[in-house]
Amino acid sequence: MYLLVDECCGKGLATAAQAAGHAVQRSIDVAALGRGASDAAIFAFAAENGAIVVTLNQGDFIALATRAVPGAGVLLLPSIRPLELGKLFRNAEAAITAIFDDAPHAVVRVAVDGSVEALAGADARVRRF
């Protein structure tokens, strides 16, 4: 998967995703976005480039994903310590990948306990892991 990691997620998550074999860019490292890019700009960049947005910002990105056709996939993570995000991603990575393999424009939420849910919307079917 190509993951575009929102600046709110920190470096640990990007490192964990790269270690799992995913192509990863942090939004702050993308010249067209940079630090402080709007959620709409991040989502549009992801949609244009076939990326999945990884963020802690659930409300704004759910709204963007439900309005855009076609859109980008969105991976919603809980707001926990940055070092814990990498561990959470590693533990949920197989389920996350399975959902996005079936539905690239899905909105997927990972809970603090590591459970993974594909939310209704885009081309996702509601599934829990």
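Only the coordinates and a few stated rules stand behind these numbers; no lab work does. This one's a predicted model, so the numbers in the text were calculated from it and none came from an experiment. Positions of Cβ are backbone-derived with ideal geometry, glycine not excepted, and every protein chain shown enters the neighbour counts.
Could you state the number of Å between the C-alpha centres of region 89-111 and region 1-57?
That distance is 15 Å.
What's the magnitude of the charge dipole for the chain around its Cα centre, counting Lys and Arg as +1 and Asp and Glu as -1 at the beta-carbon? Answer in Debye, nearest 20.
Details: 11 positive and 13 negative charges, 45 e Å.
Approximately 220 debye in magnitude.
For the chain, with the dipole built from +1 on Lys and Arg beta-carbon atoms and -1 on Asp and Glu ones, taken about the Cα centre, which of Ala44, Gly71, Cys8 lies farthest toward the positive end?
About the Cα centre, the residue reaching furthest to the positive side is Cys8.
If contacts are Cα pairs under 8 angstrom and at least 6 residues apart, what is the relative contact order of region 2-128 in percent?
Values: 241 pairs, mean separation 28.4, N = 127.
So the answer I get is 22 percent.
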